[in-house]
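The values are calculated or read from the model by the stated rules, or taken from the named source; none is laboratory data. Everything quoted here is computed from the prediction, not taken from an experiment. Every residue, glycine among them, receives a Cβ derived from its backbone with ideal geometry; neighbour counts consider all protein chains shown. What goes into the accessible areas is simple: the full protein's heavy atoms, side chains included, and nothing from ligands, DNA or RNA. Shrake-Rupley method; radii C 1.70, N 1.55, O 1.52, S 1.80 Å.
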Amino acid sequence: MTKWDISDVKVIIPIGGEATRLRPLTIETSKAAIRLLNRPLIEYTILELAKQGIKEFIFGVRGYVNYRSLFDLFKEGIGFSARYKIKPRVHFKYQPRVDSIGNADSVRINIEYYDINEPIIVVQGDNIFKLDIAKALEFHESKGSLMTIVLKKYEGDLSEFGVADTTGDLAIRKFVEKPKRREDAPSDLINTGIYILSPEIRKIFESNDVKEMYNMGKMDFGKDIIPYLINKGYPVYGYPMKEIWFDIGTPERYLDAMITLLHTLPDSEIGGMRIDPNRRIFVQGTSPDSRKRRKEIQRKFKKGLIKIEGDVLIGRHCQIGDYTYIEESNVDNFTMIGKGVKIVRSAIMDRGYIGDNVYIENSIIARHVEIRSNDEKPVRIIDSVIADDVIIGEGSEIIGSRIYPHKFINAGSRIHDTILT
């Protein structure tokens, strides 16, 4: 039996960095607010936890872009709760305007400001996961743990993560931070950045040792606080999870997560209707106007005027020209796609304009992008990221590149392996 009820738990989401690995998508938008499958990235985490009974979320925001993005989206939580029919409604709070010097410092600030004396779950703004919180909390309390770190078996490149060295009962002895070689890693269990903290962590944050760490600018969980707790002998445990978990820290991982979610999310969480009962091809929209657009897409699909392969999500009020091909991709709301377009394993965010005969592969096209393409001068975009409000001229070719917001790409440009800021 757990000492605490799920409804007692507070969630803190530190969002203070500049998310450089996701640039240029994060130049003017918080990484937590980047759209994925037609909704803000952080919404997946909030919904996952809210459905399990957690009602209080604190955004540990630092900086104007992070605060503006999240407050403008979520306010105090009324709209979110109504949209997902959550009762009693969730409540969102925000870090006071105090600059934090690390994710652990953000947690410390909010614990003090909101006088938290209940268990805390810390999650990251660029993660998506499924996790049974009640079981994780029960494990945490059964071990008498001060801090429980959710771990995940990872078959990919371990050099980007902290890898746990655990005892037989899952006490964590140390982390090998970003091992250069796989043989240097003590296991294949990585730190997911999901933490359960007992209320006693507040006393640790108030200790002279941590105050000295603060004065030295060392208040990151992975680099500073976790090694300190382990070295001091505090009970720190690892909780292995088997459910899905994604760190969407790079454009490549963004697309990997998009594809996996398209394959695995239940229809109710995709939020659209299938245009073929036997295929995972979804078109969103419930208003009369958006239903009209969906019927038109369905009509073209059934007549073979457009071809869709693999799992695809299309948003509300989208228009798709004849002879267009879409495969394993996501097209966001209010996007206009011309004739003869080919989109493969890519994300097209909302209110885009994709001209005729554009070829897009393995790329992310952000919000309000205009691609001026035609039969005589088609545009090709491969392995690239195009940020918000970019205009791309006719006949351009963009390969292996990143284009920052509000740029105008002249017609006929050849941009290869370039970051255009």
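Tell me, which residue of segment 175-210 that is modelled with pLDDT of 85 or more and either basic (Lys, Arg) or in contact with a Cys (Cβ under 9 Å, 6 or more places away or on another chain) (or both) is most open to solvent (accessible area, probe 1.4 Å)?
It comes out as Lys203.
On the basis of being within 24 Å of the chain's Cα centre (by Cα) and on the phi > 0 side of the Ramachandran plot, does Lys178 make the cut?
yes
Taking Asp247 as meeting all but one of (1) within 17 Å of Asn127 (Cα to Cα); (2) acidic (Asp, Glu); (3) surrounded by fewer than 18 Cβ atoms within 10 Å (Cβ to Cβ), write down the number of the exception.
Every listed condition holds for Asp247 apart from (3).
Would you kindly identify the helices (runs of 4 or more DSSP H) lying entirely within segment 27-86 that contain at least 1 residues that are open to solvent by 50 Å² or more (accessible area, probe 1.4 Å) and more than 18 Å from Ile12 (Cα to Cα)?
Of the helices (runs of 4 or more DSSP H) lying wholly inside segment 27-86, those with at least 1 residues that are open to solvent by 50 Å² or more (accessible area, probe 1.4 Å) and more than 18 Å from Ile12 (Cα to Cα) span 64-74, 78-84.
Being among the small types (Gly, Ala, Ser) and open to solvent by 40 Å² or more (accessible area, probe 1.4 Å), is that true of even one residue in segment 279-298?
Scanning segment 279-298 turns up at least one residue that is among the small types (Gly, Ala, Ser) and open to solvent by 40 Å² or more (accessible area, probe 1.4 Å).
Filter segment 9-26 down to the residues that are outside any strand (DSSP E or B) and open to solvent by less than 50 Å² (accessible area, probe 1.4 Å) and list them by number.
Correct list: Val9, Gly16, Gly17, Ala19, Leu22, Pro24, Leu25, Thr26.
I'm trying to understand the selection: among the residues of segment 255-275, which are of a type in the set (D, E, K, R), under 19 Å from Arg35 (Cβ atoms) and touching a helix residue (DSSP H, G or I) at 6+ places or on another chain (Cβ under 9 Å)?
Matches in segment 255-275: Glu269 only.
Pairs please, first residue from segment 285-312 and of a type in the set (S, T, N, Q), second anywhere and buried (at least 17 other Cβ atoms within 10 Å of the Cβ), Cβ atoms under 6 Å, 6+ apart in sequence or on different chains.
Going by the 6 Å Cβ cut-off, the qualifying pairs are Ser290/Arg316; Ser290/His317; Gln298/Ile275.
Taking the condition of being within 22 Å of Lys232 (Cβ to Cβ), surrounded by 21 or more Cβ atoms within 10 Å (Cβ to Cβ) and of a type in the set (A, V, I, L, M, F, W, C), how many residues in segment 120-153 meet it?
Residues meeting the conditions: 6.
Could you list all residues from segment 99-108 that are touching an Asp or Glu at 6+ places or on another chain (Cβ under 9 Å) and of a type in the set (Val, Ile, Thr)?
Result: Ile101, single match.
Can you run down the residue pairs with Cβ atoms below 8 Å, 6 or more apart or on separate chains, where the first is in segment 255-266 and more than 9 Å from Glu328 (Cβ to Cβ) and the partner is among the hydrophobic types (A, V, I, L, M, F, W, C) and open to solvent by 10 Å² or more (accessible area, probe 1.4 Å)?
Close Cβ pairs satisfying both conditions: Asp256/Phe246; Ala257/Phe246; Thr260/Ile244; Thr260/Phe246; Thr264/Ile244.
Where in segment 91-160 are the strands (runs of 3 or more DSSP E), entirely inside, with at least 1 residues that are touching a Lys or Arg at 6+ places or on another chain (Cβ under 9 Å) and not aliphatic (A, V, I, L, M)?
91-94, 127-129, 147-153
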